[in-house]
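Take a look at the structure set out below.
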Amino acid sequence: MEPTKLQRWIDLVALLAAHRFPVAKEHIWRELPAYARGLDGSEQEQAAVRRMFERDKDELRSMGVPIETVASPVRSGLDDAPRYRLPRGFYLPPLRLVEDANDADGENRLASIRRGPVPGAENVTSEEAARALGGLRELATLPGFPMAHHAESALRKLSFDLQPGGLGEPPVQYAPSAEAERASRMVAQLCNALSRKKRLVFRYRAMTRAGELERRVRPYGLLFEVGRWYLVAYDEARQDMRVFRVGRMSSATVNRKSPGTPDFKIPSTFDLSDYANRKAWEVGSEDAEEDATLRFDFPCAQWADRNGHGLLLEEQEDGSQLRRFRVRNRHRLVRWALGLAGQARVASPDGLREELHEAASAVARLHEDD
């Protein structure tokens, strides 16, 4: 899907804000998808990219985004092209609540709200704030809404600036989980095994079966993703690499024999980054790898495209999309698709489609009336 003008503007501002020093336009073009698509094309396509960049830059400036043009810091004669930056301290203005002139209860209900506009801030009335926060709360808890986590993120940011204590019952922003507490205790033990390269034995509760099983592994690395810890290790019984969620581990024991001698060597081919940012269905044995295609309804298709879920194969006039996935764990893909509340359906293979249908039927049976 071709990025919209708004997305190009956001991407350009985000890239410049992330760089401390001026950025060459060639680097900008390579980093932003909207521009990079035309760099390897014909001369006409490359010229179109240059014109698009100049238009975007000028339009952002006209809206008050102070993109500065500066000379190259290296005057070698080889790279004298101008570079671009945002001034230090550039940020979006904070939000401030101001008293609504039409609010008769303002004195009692909003005693902590500033009585007038604050220079340099985006001033918001209590009514506007209540509507925005209320709407985001509804979206964040709307069953099957594909952008619920985006609404949660926006709610946290608005709540930080607006301090909605005077607008009614404040939302719960954070609640510690039992899994997080277990994982925090386990991580120190895992780090000890990793640093000394000692074998590890623990009990593990997998998603696909009831009860716990004993695992004997060689720990290779730890990952922290989406608020959870994961252990990447070589499973000696299965003779293959596995990724374990630390919160599902218990009774971990580090090999105490020869404490000053490593039990194993980590292969030179191992790279922890290969396991980062992987989806749940991408984690598993290479022998189980297969292609699967899912059809997404609009607007869930836009959400899948924006978040890089699968590879786009085709798009219909109604906005639905057919996307291809590389799968090593069918069960986890089924659970993920089930959470999209019918907005994603398996097109192939047939066996995976049947698994999704069976899983949906099982959930429906649990909610049937007596």
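Filtering Asp287, Asp240 for residues that are among the charged types (D, E, K, R) and either within 14 Å of Leu194 (Cα to Cα) or at pLDDT below 85 (or both) leaves a single hit, Asp287. Here Ala359 clears all of (1) over 26 Å from Phe224 (Cβ atoms); (2) out of contact with any Leu (no Cβ under 6 Å at 6 or more places or on another chain); (3) aliphatic (A, V, I, L, M); (4) in contact (Cβ under 8 Å) with a residue 24 or more places away in the chain except the condition numbered (2). For segment 111-132, give me each residue that is small (Gly, Ala, Ser) and either under 22 Å from Ala154 (Cβ atoms) or at pLDDT 55 or above (or both). Answer for segment 111-132, where residues must be small (Gly, Ala, Ser) and either under 22 Å from Ala154 (Cβ atoms) or at pLDDT 55 or above (or both): Gly120, Ala121, Ser126, Ala129, Ala130, Ala132.
For segment 33-60, a residue qualifies if it is within 29 Å of the chain's Cα centre (by Cα) and basic (Lys, Arg), and the qualifying residues are Arg37, Lys57.
For segment 27-36, a residue qualifies if it is surrounded by 13 or more Cβ atoms within 10 Å (Cβ to Cβ) and in contact (Cβ under 8 Å) with a residue 12 or more places away in the chain, and the qualifying residues are Ile28, Trp29, Glu31, Leu32, Ala34, Tyr35.
Residue-wise test of (1) modelled with pLDDT of 75 or more; (2) basic (Lys, Arg); (3) out of contact with any helix residue (DSSP H, G or I) (no Cβ under 8 Å at 6 or more places or on another chain).
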position	(1), (2), (3)
Phe21	yes, no, yes
Met52	yes, no, no
Leu60	yes, no, no
Gly64	yes, no, yes
Ser76	no, no, yes
Gly89	no, no, yes
Asp105	no, no, yes
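Scanning segment 306-318 for residues that are at pLDDT 90 or above and of a type outside the set (D, E, K, R) returns His309, Gly310, Leu311, Leu312, Leu313, Gln316. Taking the criterion of being at pLDDT 90 or above and more than 20 Å from Phe264 (Cα to Cα), the residues of segment 189-212 that qualify are Arg203, Tyr204.
Residues satisfying the criterion are present in segment 201-223 (criterion: loosely packed, with under 12 Cβ neighbours inside 10 Å and part of a strand (DSSP E or B)).
The values are calculated or read from the model by the stated rules, or taken from the named source; none is laboratory data. Since we're looking at a predicted model, the values are computed, not measured. So basically every Cβ, Gly included, is an ideal-geometry build from the backbone, and we count neighbours across all protein chains shown.
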